[in-house]
């Protein structure tokens, strides 16, 4: 592959937008950064010819995403039953701001999103399953997998992990202030951006069991 | 309809989960509250037999959702082209906390989500289109549609609005602290909940054009 190929995902018809093309990117580093900042995706699949979408935890390990589910959950059962895996599309979205223009039309949202098209396959190798399980825990709270009891045989058996390779992938980013029509600039309406972010509050210890001091990897979250 | 029917959406096979049934609810008030707190959904549809999912702005007006898009965007064009409308599934998810148990297996997320199955149809009636356009603006920032320039004929023509009726709908809620195995309660791992919420920052006025004092409906957001 050329340097260009390794730095970017290759666009396909599905990852080429029909509009707002200037907002779409295929840079691997950007895609990874957006994925690494999150841990919740919306996973879409087709069931009986109809669409379905569910919030799902994920982890990125290199060029592979692991999706977490119960072995009893519908998409997991479908993926396990489908020969060659189940076609999926998943999206990770971070909202950064509400964009208020003087015109209703130019109202917008600042966001960074990644859309992945691919095939979900159950992870069956025991070693990969254990790594994927840890990766999902660490995606949500980095460092946590080393500070909890690992899954036992029964728990691991009840946990489904699906793998989706990152191949057909695009990012979409909207940033900056509102677009305004020149004629609107003197209108008496406030114009600008209302920043939005995900905020973590002070950790709330469970009532039951042994009290353990807050570990450093959690203390860093409070008010972040 | 009986009182029960009006208070609840009727479960269907698609809105009946295969697991964690205790977390699912069909109460209309709960569904409305979850939808009204948000303005971004993830919209899934089927294209050439394959799933796709995109972040999309919405508004709820009674028992109808309006989805906002450009007339050039793919799902909008598909919906307009499909006789009888386009089958869609959409999900609204609010994350309330990260749930850290002493065991990796019982790690979880507190959330409130709504899943809607239905058919998206383009809104064509001019009066309904204008109302829906305002509703989407007001869903994101309540009160804003009255404090900006309304769309002109050209802008309205470039804005696609899809309607999805709320009929096949379910909510899912996970709240509270971690589940622990009795044998884990004495393990030396911190256990509890890390609250998560959406935080709005101080509004940032645009550089260009007339400076207008921050309206009351925006001042209320800062730090919220």
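Tabulated data
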| item | result |
| --- | --- |
| Residue under evaluation residue A:73, criteria (1) touching a strand residue (DSSP E or B) at 6+ places or on another chain (Cβ under 6 Å); (2) within 21 Å of residue B:109 (Cα to Cα), criterion not met | (1) |
| Residues of the range B:202-211 classified as buried (at least 16 other Cβ atoms within 10 Å of the Cβ) and either under 13 Å from residue A:102 (Cα atoms) or more than 7 Å from every other protein chain (Cβ to nearest Cβ) (or both), total | 3 |
| Residue that is farthest from the other protein chains (Cβ to nearest Cβ), among those in the range B:141-166 that are in a strand (DSSP E or B) and farther than 30 Å from residue B:22 by Cβ | B:163 |
| Residue list for the range B:61-75, restricted to those being surrounded by 20 or more Cβ atoms within 10 Å (Cβ to Cβ) and farther than 19 Å from residue A:50 by Cβ | B:66, B:68, B:69 |
| Any hit, the range A:180-192, residues being more than 7 Å from chain B (Cβ to nearest Cβ), without any contact (Cβ under 8 Å) to a residue 60 or more places away in the chain and farther than 20 Å from residue B:189 by Cα | yes |
| Only one of B:47, B:23, B:14, B:8 that is more than 24 Å from residue B:138 (Cβ to Cβ) and more than 19 Å from the chain's Cα centre (by Cα) | B:47 |
| Qualifying residue in the range A:70-79 (condition: in a strand (DSSP E or B) and over 19 Å from residue B:47 (Cβ atoms)) | yes |
| Selection status of residue A:199, surrounded by 20 or more Cβ atoms within 10 Å (Cβ to Cβ) and either more than 7 Å from chain B (Cβ to nearest Cβ) or under 22 Å from residue B:100 (Cβ atoms) (or both) | no |
| Failed item, numbered, when residue B:170 is tested on (1) under 22 Å from residue A:106 (Cβ atoms); (2) more than 7 Å from chain A (Cβ to nearest Cβ) | (1) |
| Candidate set from the range A:138-148 (those that are buried (at least 19 other Cβ atoms within 10 Å of the Cβ) and in contact with a strand residue (DSSP E or B) (Cβ under 8 Å, 6 or more places away or on another chain)); member that is nearest to residue B:180 (Cα to Cα) | A:148 |
| Tally of residues being part of a loop (DSSP other than H, G, I, E, B) and surrounded by 16 or more Cβ atoms within 10 Å (Cβ to Cβ) across the range A:215-224 | 2 |
| The range A:41-66, residues that are at the interface with chain B (Cβ under 7 Å from one of its Cβ atoms) and within 11 Å of residue A:91 (Cα to Cα) | A:42, A:44, A:53, A:54, A:55 |
| Residue that is farthest from the chain's Cα centre (by Cα) [pool: residues in the range B:84-140 that are under 22 Å from residue B:15 (Cβ atoms) and assigned to a loop (DSSP other than H, G, I, E, B)] | B:84 |
| Matching residues, the range A:167-202, being under 23 Å from the mean Cα position of the chain (by Cα) and in a loop (DSSP other than H, G, I, E, B) | A:167, A:175, A:176, A:201 |
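Residues are listed down the side, and each one gets a yes or a no for (1) surrounded by fewer than 19 Cβ atoms within 10 Å (Cβ to Cβ); (2) in a helix (DSSP H, G or I); (3) touching a residue at least 12 places away in the same chain (Cβ under 8 Å):
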{"residue": "B:14", "(1), (2), (3)": "yes, yes, yes"}
{"residue": "B:22", "(1), (2), (3)": "yes, yes, no"}
{"residue": "B:33", "(1), (2), (3)": "yes, yes, no"}
{"residue": "B:41", "(1), (2), (3)": "no, no, yes"}
{"residue": "B:52", "(1), (2), (3)": "no, no, yes"}
{"residue": "B:55", "(1), (2), (3)": "no, no, yes"}
{"residue": "B:59", "(1), (2), (3)": "no, no, yes"}
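Read-outs throughout are calculated quantities, based only on the coordinates presented, and are distinct from any laboratory measurement. This is a predicted model, so every value here is computed, not measured. Quick reminder, even Gly has a Cβ in these numbers, built from the backbone with ideal geometry, and neighbours come from all protein chains shown.
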